[in-house]
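One structure is given below, encoded as structure tokens.
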Amino acid sequence: MNEADQHTTETSEQRPTRGNRLYPRVTSFRSRRGSLTDPQQGTWDRLWPELGRDVGDDLLDIDGWFGRNAPTILEIGSGTGTAAVSMAQAEPHVNLIAIEVYKPGIAQTLQRIERTYGTEQPVHNLRVLRGDAVEVLEHMVAPESLTGVRVFFPDPWPKARHHKRRLLQAPTFALIASRLKPGGVLHVATDHAEYAVAIEEAGNAEPLLTAVEWDSPISHERPVTKFEGKAHQVGSAITELIWGKIGA
């Protein structure tokens, strides 16, 4: 989950239908409709053709998309791009791909990128995929091709009857592990205590993942977003969970 998607509700009209590749499932995110402002639309028109793609069946040519060969990190649920853009600036040596389903949030990410142009730290190493993360991992990412995966504040779906919708469960851990290179790292952060326990149990049970006892190939530093700041204000503890893929 990200700060753009907090405190949202889903109506029957908004609920995604099966068969739509942008919204193929209702298991890991809430669908939100939203129109773009004129400035957001302008930025979208300028940057999306180069920096963005919708989910599809074709395997990503990551080297071709970025125009270079570099370690690749996937961020799932990038929201309005606060963390993604900041980390892209801090890690110019990596290729960062952000996944998000909410179009206005993606538009804000593109605006953040555009505002770096002409500065001392322009962002040229960030791309955005619009769609469901599991679809991306299954169809667009090759096995053992990622150096890192980041999942910051995924939707906890706090009601027990909705737990099946949570992203971070055993099948997703297995999928993420299969896409990481040996020695690659999965970094998760959540402010939901019960979900943190469930995430830790599922991650520890994945046989391809273990504690990182080698030099991590990615930074574990995160910028504090507006959402995380609110969590701190109400006394919610932030749990950081990090695993590495065996074989380093």
Next on the checklist: Within segment 154-194, take every residue that is without any contact (Cβ under 8 Å) to a residue 40 or more places away in the chain and of a type in the set (A, V, I, L, M) and give me the one that is surrounded by the most Cβ atoms within 10 Å (Cβ to Cβ).
Outcome noted: ILE176
Checklist entry - Somewhere in segment 113-120, is a residue touching a Ser or Thr at 6+ places or on another chain (Cβ under 6 Å), over 17 Å from TRP65 (Cβ atoms) and assigned to a helix (DSSP H, G or I)? => result yes
Next on the checklist: If I ask for residues that are of a type in the set (S, T, N, Q) and either touching an Asp or Glu at 6+ places or on another chain (Cβ under 8 Å) or more than 17 Å from GLY105 (Cβ to Cβ) (or both), which ones from segment 30-82 would you list?
Outcome noted: SER31, THR43, ASN69, THR72, SER78, THR80, THR82
Item to check | When residues of segment 80-89 are limited to those that are modelled with pLDDT of 95 or more and of a type in the set (A, V, I, L, M, F, W, C), the one farthest from LEU51 (Cα to Cα) | outcome: MET87
Item to check | Residue list for segment 52-90, restricted to those being under 17 Å from THR147 (Cβ atoms), under 16 Å from the mean Cα position of the chain (by Cα) and of a type in the set (Asp, Glu) | outcome: GLU75
Next on the checklist: Scan segment 114-124 and tell me whether some residue there is crowded, with 20+ Cβ neighbours inside 10 Å and modelled with pLDDT of 95 or more.
Outcome noted: yes
Next on the checklist: So for segment 202-210 (the condition being without any contact (Cβ under 8 Å) to a residue 60 or more places away in the chain, part of a helix (DSSP H, G or I), more than 20 Å from ALA133 (Cα to Cα) and not hydrophobic (A, V, I, L, M, F, W, C)), does at least one residue qualify?
Outcome noted: yes
Checklist entry - If a residue has to be touching a Ser or Thr at 6+ places or on another chain (Cβ under 8 Å), more than 21 Å from ARG222 (Cβ to Cβ) and among the acidic types (Asp, Glu) to count, how many in segment 121-166 make the cut? => result 2
Checklist entry - Among the strands (runs of 3 or more DSSP E) contained in segment 125-198, which hold 1 or more residues that are in contact with a Pro (Cβ under 9 Å, 6 or more places away or on another chain)? => result 146-152, 180-190
Checklist entry - Among the residues of segment 93-105 satisfying the criterion of being without any contact (Cβ under 8 Å) to a residue 60 or more places away in the chain and buried (at least 20 other Cβ atoms within 10 Å of the Cβ), which is farthest from the chain's Cα centre (by Cα)? => result ASN95
Checklist entry - What is the residue count in segment 68-112 for residues that are in a strand (DSSP E or B) and among the hydroxyl-bearing types (Ser, Thr, Tyr)? => result 1
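The values are calculated or read from the model by the stated rules, or taken from the named source; none is laboratory data. What you see is a predicted model, and the numbers here were worked out from it, not measured in a lab. Please note: Cβ atoms are built from the backbone with ideal geometry, for glycine as well, and neighbour counts cover all protein chains shown.
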